[in-house]
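So the structure is just underneath, and the comments pick up after that.
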Amino acid sequence: MKDKLLLASKSLSGISIGDAFGESFFGEESLMKSYIHQRFIPESSLDFTDDTIMSIAVFKSLEKFREINQDFLAEEFTKNYYLDINRGYGPSMHQYFRALKDGENWKKVSYSKFEGQGSMGNGGAMRASLIGAYFYDDLDKLKLNAELSCEVTHANKEAIEGTKAIALAAAFAAQEKLGLIKLNQQDFIQKIKDELNDSDMKSKLNKALYLDGNRSVELLVKTLGNGIKMTAQDTVPIVIWMLSRYRNNFEECLWNTVAALGDRDTTCAMAGGISILCCDENSIPTWVKDVEQWKNSKFYEH
Ligand SMILES: [Mg+2]
């Protein structure tokens, strides 16, 4: 059990690195593109955002209950939100937390989004890699816990499939690192796709399967999205593609993911949280020391 928490903690560190890295590339587009081309990080202090803060709550649930406890998660999300509301939460999350603070039940609020369909935002998927790391050896438990964690804020089928996809990618990365499996670029995508229910998310992964080899970032964004729409199915597929190709090299994976722009703190949080599980340790760059430390943050220690 301790080993699994260690894997989840490693994934959370990867999330925080990717999140803070990606966030530093919001700005005037041509300038950001030139920074990315030069591989220059525009900011010297790298602070994480909501992606990491919500993942910390997921970690605490695993630590305390060895599974996702939805009531606990809703409570921790809310507590952490009010510790600092300026961490890049999406507009619908601000509403969500105000409703919870007013005493409404998380389930009612989550299901009431978008006329009862629930939000299909990428917020469930952005905090899912550590769930995959924790349940890497039990895909049924993995999928169940991924779904439970997503439902707390995003009670929508696409959001849930996206959350499962990220958790599965993390599990397969962890399995690879342990030498239990070996996957080529297509196998990696196929294995994730095979575990999902029919959805836009799943058909996008099918498209990703046919984009093997070296592809231009423009074509990838055009076909798979880059998170600019903030939905799970517009965000997760390109991340899975980036991981299918670059997961063994952590830094390469982040630079290629950020080059797609879009919802870049979130795409990089997902990529970082998974790549760190299987990458060559030498591919973790020295600048990670400049990233805000989640373990020492007020969001982890109460
Ligand atoms: Mg964010």
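The values are calculated or read from the model by the stated rules, or taken from the named source; none is laboratory data. Being a predicted model, the structure only gives us computed values, none of them experimental. Please note: Cβ atoms are built from the backbone with ideal geometry, for glycine as well, and neighbour counts cover all protein chains shown.
A few notes on this one:
- Filtered residue count, segment 246-275, keeping only those that are away from the ligand (no atom under 16 Å from the Cβ), assigned to a helix (DSSP H, G or I) and more than 21 Å from Phe40 (Cα to Cα): 1
- Residue list for segment 12-43, restricted to those being within 15 Å of Asp263 (Cβ to Cβ) and away from the ligand (no atom under 13 Å from the Cβ): Gly27, Glu29, Met32
- The residues of segment 91-118 that are within 16 Å of Ile160 (Cα to Cα) and in a loop (DSSP other than H, G, I, E, B), listed by number, are Lys113, Phe114, Gly116, Gln117, Gly118.
- In segment 69-95, residue nearest to the ligand (Cβ to nearest atom) [restricted to those that are small (Gly, Ala, Ser) and touching a helix residue (DSSP H, G or I) at 6+ places or on another chain (Cβ under 7 Å)]: Gly88
- Within this structure, Gly213 passes the test of being more than 21 Å from Asp138 (Cβ to Cβ), modelled with pLDDT under 95, more than 16 Å from the ligand (Cβ to nearest atom) and among the small types (Gly, Ala, Ser).
- Here is the figure for segment 80-122: residues that are of a type in the set (Lys, Arg) and either farther than 19 Å from Leu148 by Cα or touching a strand residue (DSSP E or B) at 6+ places or on another chain (Cβ under 7 Å) (or both) total 3.
- Criterion: touching a helix residue (DSSP H, G or I) at 6+ places or on another chain (Cβ under 6 Å) and in a loop (DSSP other than H, G, I, E, B) - qualifying residue of Ala155, Ala174: Ala155
- Complete set of residues in segment 44-68 that are assigned to a loop (DSSP other than H, G, I, E, B) and within 13 Å of the ligand (Cβ to nearest atom): Asp47, Phe48, Thr49
- Unique match (being surrounded by 11 or more Cβ atoms within 10 Å (Cβ to Cβ), without any contact (Cβ under 8 Å) to a residue 24 or more places away in the chain and in contact with a strand residue (DSSP E or B) (Cβ under 9 Å, 6 or more places away or on another chain)) among Ser24, Ser13: Ser24
- Among the residues examined, Ile41 qualifies as of a type outside the set (S, T, N, Q) and not in a helix (DSSP H, G or I).
- Contact annotation: residue pairs with Cβ atoms under 6 Å, 6 or more positions apart or on different chains, pairing a residue in segment 41-59 that is over 15 Å from Lys295 (Cα atoms) and without any contact (Cβ under 8 Å) to a residue 24 or more places away in the chain with a partner that is more than 9 Å from the ligand (Cβ to nearest atom) and not β-branched (Val, Ile, Thr), are Pro42/Ser24; Pro42/Tyr35; Glu43/Ser24.
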